[in-house]
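Take a look at the structure set out below.
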Amino acid sequence: MAHVLRIRDLNTRFDTPEGEVAAVNDVSLHVDAGESLGIVGESGSGKSQVFMSALGLLAKNGRARGHVDFHGIDLLSSSNEELNRVRGARIGMIFQDPMTSLNPYLTVATQMTEVLVEHRGLDSVAARAAALRYLEMVEVPEAGKRLDQYPHEFSGGMRQRVMIAMALLCEPELLIADEPTTALDVTVQAAILEVLADVKRRLDTAIILITHDLGVVAGLCERVIVMYAGRVVEQGTVEEIFYAPQHPYTLALLNSMPRADRGAAQELQAIPGQPPNLQRLPPGCAYRERCPVAEARCIEVPALREIGAGRLKACHREQPA
Amino acid sequence: MSAPTAAPILEVADLRVHFPMRVGGFLNRRDVVLKAVDGVSFALARGETLGVVGESGCGKSTLGRAVLQLIAPTGGRVLWQGTDLTTLDRAALRDYRQELQVIFQDPLASLDPRMTVGDIVAEPLTAQPGSPPRAQVRSLVKDTLARVGLLPEMINRYPHEFSGGQCQRIGIARAMIVRPQLIVCDEPVSALDVSIQAQIINLLRELQREFGLSLIFISHDLSVVRHTSHRILVLYLGKVLEIAPADALYTEPLHPYTRALISAVPLPDPKRERGKQRLVLHGDLPSPLSPPSGCVFRTRCPWAAAVCAEQAPLLREVQPGRRVACHFDAPGERAPGAAAQ
Amino acid sequence: MVATVKHETLQRAAEVKGRSLWVDARRRLLRNRAAVTSMAILSFIALLAVFAPWLSPHPYDEVYWEFIQAPPNFEAAHWFGTDGNGRDLFVRTLYGARVSLMVGILATGVSLLIGVTYGAAAGYFGGRVDNLMMRFVDVMYSMPFMFFVILLMVVFGRNIYMIFIALGAVQWLTMARIVRGQTLSIKHREFIEAAHASGVSNVRIIFRHIIPNVLGPVIVYMTLTVPEVILIESFISFLGLGVQEPLTSWGVLISEGAKQMETAPWMLLFPAVFLATTLFCFNFIGDGLRDALDPKDR
C-alpha cells in the first residue's frame, strides 16, 4: 500500500547572520491512511521545521533538500500554485495558536465557505451546509448561530475546534497538527483529542501529531518518532517507545517526566544540561554532552539503524542505559 | 514527600478579589463585578507546598498575587505568622517583602532586560534600606547563583544571553537571596522544555528541604503539581472546590470537577491512557462575569440537581484532611441528573 | 545539577563580560551605512563649528569694506564670499552652526529631561494622577506654540537662553506623551511585578526599570526633534526674532540670503546646504537608530 506521505532524506538549512543553521538533518518518515504518527521533540529538535519544509512554508532564509512524496507528487519541487492546490484541500494543517491562524475580520462562515468554494468548487449554499456539518462534527454547540460569529467571540478551545473543522472541510487525506492542544486547558485538550481520534476512524485520515507532550502521543498515536537536534533518534510503535525505549534520550525523557499516576516520593531524574543550540552543535552525537552513558565512540554521529520491523534508533550502544 | 511541621505559617481566610468593570456599549452600560477570587480559605505550614490547580480563568494567578498583596484584596484576611497583611500599608508591607517572594511563569519576561544578572539578583537586597556593603552583596550574589546551579562568572551577563531554564534559575536566585520563608511560584515550569522542567522541579524541592521553604505552587499542569505538592487546592471560577493531600486527590478525587480533571490528564503510558475512563464535561466554562447561581460548577456537572442551583455548597470536611464543596458526599453514586436526596 | 565548589574558588573565578542590549543595538547601527555616514558628516560639521575661529583668518563680526557682498574669493580667503555688510560668510556659517546645533541639542535636552520624567511618572502612577497630568499636556498642546514662542521672545528679549527655554518648553509635550505610552505598555510586565515583590520603591522602579526600558523610542524621537528645533529656530530668525546681532544662526543667514537670492546667491546657498545636510543626517541617524533598537530583534 502506498504511503500517504513519504519523506526521504530531508535536510533544511537556515541562513542566519551568525552562520548556517542545520535545522533538519537526514530525516525520513512515512505515514499511512488511517494511521496516526506522533513526532516528539523539544526546542531545537526540528519537529516543526520538517513539515514547514515539506509543505513549502519555510521562512525566506530557509532551504530544503530531499524528497517529499505525497501520493506521487513531489512537494519539494512543486510550484507554488501546485502547493496551493494541495495545501488546505488534500493536506489540512492545524497550528498551536488558533487566533493567529484565523482572520479576525471575517466571520467563521466566510472563512470556511471560502475554502470550500475555492478548493471544491461548491456554491455558497452547499458550502455553508458543509461548514455547518463540520462544526457539528467537532462538537461546537449551536453551530448554526456560531457560524456567523467572529473568531474573537470564541473561547480558546472552541477556536481550536473551528480550526480543526476548517482543516477537515475538504476531507484531506492528511492532517498535520502542530501542538494543537498545548495552549488549551486539560479538559478541553482531552475533548479535542477525542475529536481527532474520531476523525481518524471515520474518514481514514492520516494524522501527524507534532508535540512535546508524551501523554498526548500515548493516547492518540500508533507510531512515534523521537527527534533531537534536527535528527530522528528513535522510531517505533507507541508501545515500543514507551515500554522499551532504545535511545538514551527517549529513556531519559520518560524518566524525567512527572506523571499524574505516580506519587512524588520518587525523585525525578532530570536530564542535565541545556537543550541543543543548533548554532553551536558539538561534534558527533548531539546528545552526547547530556547523555549519562556517552562513550568515546559517540564523537561520531551515530547512523539511524534498523533494529526491528519499522524500529529505528540512532545510537552506537546496544542498550540505552 | 516528607511531612512538614504542623503549625501554620500562613492562614488565608475568605480571601476575595473582585474587579468592578463596565461592560456594554455606549447606551447600555452596566456595572458588573468580576469575582476573580471569591472566598478562598486555606492554611499552609512551614516547609509545606500547597499546589493550586485549575483551568483558565479560575483565578489561581490572582490568588497568588493577592496573597502577596501585589494585588489589593477586596476582602478577607491573609495572616502571615499572625500579622494580617491586608491591613498594612505599602511602607509597612516592605518590611515583609524579604520573607515573601515570587517566581513567575515567563522566565525571560520576569528579568529586566537592561540589567545584568548580578544586579537583578541583588535587587531584593539593595532595594531595602540598610543593605550590606557592595562587596558583600556581590559575594552573596555569586554564592546564590552557584546554589541554583549557575556559574558565578556569569554575573555580568544579560538575561537574553541565557536559555529559558537558566533564566528561571536566575529568577529563583533573586527570590532566594533574601532567604524568604514563603515563595509563590506562578506556573514556574510551564514555559520550559520538558527536560528542563525536571531540573527546576528538583531544584525547588532541594531548596525547600534545605531552607524549610513554604511554597504555593500554581500550575495548570496536573502532572507537575502532583509531583511538587503536599496538598492541593482545586479552584474553579474563583472558588475552592476541593482541598486534599496530593496522593489522595489523584487516587480518589471526590469532587466531580476534580474527577473530570484527573481523568483528562494524559498519561505517558499507552495501555493505561487508552484504557482509562474519562469523565466528560459538557459545555463551556461560564463567563466569570456572570457565574452560575448556587454551585458555580453546576452547569457542567453530570450530577447537578435542583439544590445545586439554589445554594452554593460550603467547603466541608468529608474525610480527615479532605474538604470538598459539594452538596453530595458521593455524587458518582447517583445517576446523572437524578432528583436531590 | 548544582555546582558544589568551594567558596573561595567561586569568588576568584574570573567574571565573564556580558553583552548588553545596547551593545547589540550599536552593532546593528554601525552596519547601517547611511547612519554611519551621517554620523561622520555631523561630527565633521560639529568639529568645524567648534574650531571655527581657527579655521578662518577672519573674525565673524569684522567688516571688510573692500568686499561688501562679494562672491567667493580664494586669495582673500573668503571661501564662501561675504554678506551684505562685508562680513566673511564662511566663518559666519560656522558660527551659525554653533548656534543652530547648540539650540537644537540643548532645547532637545531640556525637553528630554522634563518630558521623560513627566511621562514616566504619569504612566506609572496611572489613575487620576495620570489623568490630571495628561490633561495639562493636552491643554498646553492646544496652545499655538509659535505664538507662545514669539510672545516669550518679545516679552523677555532676544536672549539665546530664552530660545532654549521656549523651544524646550514646547517640545517636552510630545516627549511626555511618547514616554507615557511606552510606560503604560511595560508597567505590567513581569519584571516590574518582580520589583514590587522585592520591595523596591516607586521612585527607584521608575528610574531604574521603566526609564531605561523606554529609552529606545525616546532616543529615536530625540534625533528627530533636533532638526525640528533647528528649523523652528531658523523660522524665528527668519522672522527677525532670533539671536541678536552680531551672533548669527543658519536661520538668520538664510533669511538674509533669501533677500539677496538673485544678486548674491552664495549668501543663501552655503548656509542652506549646511542646514539641509544637517537635517538629512539627523533623519538618517534617527532611522538607523529606530531599526537598531527595534525590540522585535531581541
Note to self: Taking the Kirkwood radius as the inverse of the mean 1/r across Cα pairs, report the Rg/Rh of chain C.
What the structure shows: 1.10
Next item on the list: With 20 Å bins from zero, work out the P(r) of the protein assembly as shown over every alpha carbon pair and list the percent per bin.
Entry: 11, 35, 33, 16, 5, 0
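Direction-averaged shadow area of the convex hull around the Cα atoms of the stretch B:266-336, nm²?
Numbers: hull surface 27.2 nm².
Value for the stretch B:266-336: 6.8 nm².
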Margin query: Going Cα to Cα from C:K17, which lysines come in below 16 Å? Please leave out same-chain ones fewer than 8 positions away.
Written below: B:K142
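Okay, helix-only estimate at 222 nm for chain A: each DSSP H run of n ≥ 4 adds -39500 (n - 2.57), divide by all residues, round to 500 deg cm²/dmol; what do you get? Don't jump to the answer; show the numbers that get you there.
Numbers: 11 runs with 103 residues, N = 321.
Only helices count here, giving -9000 deg cm²/dmol.
Count, for each residue of B:149-160, the Cβ atoms from other chains sitting within 10 Å of its Cβ, then give me the mean as a whole number.
The shielding value for this peptide is 5.
With 10 angstrom as the radius, rank B:H282, A:H316, B:H160 by how many other C-beta atoms surround their C-beta, starting from the fewest. Can you show the working numbers first?
Numbers: B:H282 11, A:H316 18, B:H160 15.
Exposure proxy ranking, most exposed first: B:H282, B:H160, A:H316.
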Next item on the list: Among B:A248, B:A264, B:A91, determine the one that fluctuates most according to a GNM of chain B built with springs between C-alpha atoms less than 10 Å apart.
Entry: B:A91
Next item on the list: Return the whole-Å distance between the Cα centroid of the stretch B:84-147 and the Cα centroid of the stretch C:70-116.
Entry: 52
Item checked: Percentage relative contact order, chain B, counting C-alpha pairs under 8 Å, at least six apart -> 18
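With contacts defined as alpha carbon pairs under 8 Å and 6 or more residues apart, what's the relative contact order of chain C in percent? All intermediate terms of the calculation are to be shown ahead of the outcome.
Details: 368 pairs, mean separation 71.4, N = 298.
The normalised contact order for chain C reaches 24 percent.
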Item checked: Among A:A190, A:A165, A:A177: highest mean-square fluctuation, GNM of chain A, C-alpha pairs under 10 Å -> A:A190
Note to self: Give the residue list of trypsin sites (Lys or Arg not before Pro) in the stretch A:251-321 that are DSSP loop and have at most 12 other beta-carbon atoms within 10 angstrom.
What the structure shows: none
Next item on the list: Rank C:F90, C:F80, C:F125 by mean-square fluctuation in a GNM of chain C with C-alpha springs under 10 angstrom and give only the top-ranked residue.
Entry: C:F125
Notebook entry, point to check: What lysines could a cross-link reach from A:K145, if we take a straight Cα to Cα line under 28 Å and drop same-chain neighbours fewer than 8 places away?
Noted result: A:K200
Notebook entry, point to check: How big is the C-alpha Rg of the stretch A:1-155 next to the rule-of-thumb value 2.2 N^0.38 Å, as a ratio?
Noted result: 1.21
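Among C:S185, B:S229, C:S142, C:S56, what is the fewest-to-most ranking by other Cβ atoms within 10 Å?
Ordered by Cβ neighbours within 10 Å, fewest first: C:S142, C:S185, C:S56, B:S229.
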Next item on the list: Find, among the GluC sites (Glu not before Pro) in the stretch A:58-143, those assigned to loop by DSSP (not H, G, I, E, B) with at most 16 other beta-carbon atoms within 10 angstrom.
Entry: A:E139, A:E142
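Among the DSSP beta bridges whose two residues both lie in chain B, what percent are antiparallel, rounded to the nearest 5?
Numbers: 31 of 49 bridges.
In chain B, DSSP labels about 65 percent of beta bridges as antiparallel.
Report the Rg/Rh value for chain A, based on alpha-carbon coordinates and the Kirkwood definition of Rh. Walk me through the numbers on the way to the answer.
Details: Rg = 20.5 Å, Rh = 20.8 Å.
Using Cα coordinates only, the ratio equals 0.99.
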Next item on the list: For chain C, find the longest principal axis of its Cα atoms and tell me its angle to the long axis of helix C:250-259, 0 to 90°, nearest 10.
Entry: 30
Checklist line | the stretch B:69-82 - phi-based ³J(HN,Hα) in whole Hz, Karplus 6.51/-1.76/1.60, Gly and Pro as x | finding: 6, 7, 10, 6, x, 7, x, x, 10, 10, 9, 9, 6, x
Margin query: Roughly how far apart, in whole Å, are the Cα centres of the stretch A:29-100 and the stretch C:233-259?
Written below: 66
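When DSSP assigns beta bridges and you keep just the ones with both residues in the protein assembly as shown, what percent turn out antiparallel, to the nearest 5?
Within the protein assembly as shown, antiparallel bridges account for around 65 percent of the total.
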Next item on the list: List the relative contact order of the stretch C:70-123 as a percent without decimals, with contacts defined as Cα pairs under 8 Å and 6+ residues apart.
Entry: 17
Next item on the list: For each of B:L88, B:L215, count neighbouring Cβ atoms within 10 Å of the residue's Cβ, then give the residues from fewest to most.
Entry: B:L88, B:L215
Check: Near A:K47, which lysines are there with a Cα under 19 Å away, not counting those fewer than 8 places off in the same chain?
Finding: A:K60, A:K313
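Antiparallel versus total DSSP beta bridges in chain A: what percent is that, nearest 5? Write down the numbers at each step before the final one.
Values: 30 of 49 bridges.
Bridges in chain A are about 60 percent antiparallel.
Only the coordinates and a few stated rules stand behind these numbers; no lab work does. Not measured: the values here are computed from a predicted model. Cβ coordinates were reconstructed from backbone atoms using ideal geometry, including for glycine residues, and neighbour counts include every protein chain displayed.
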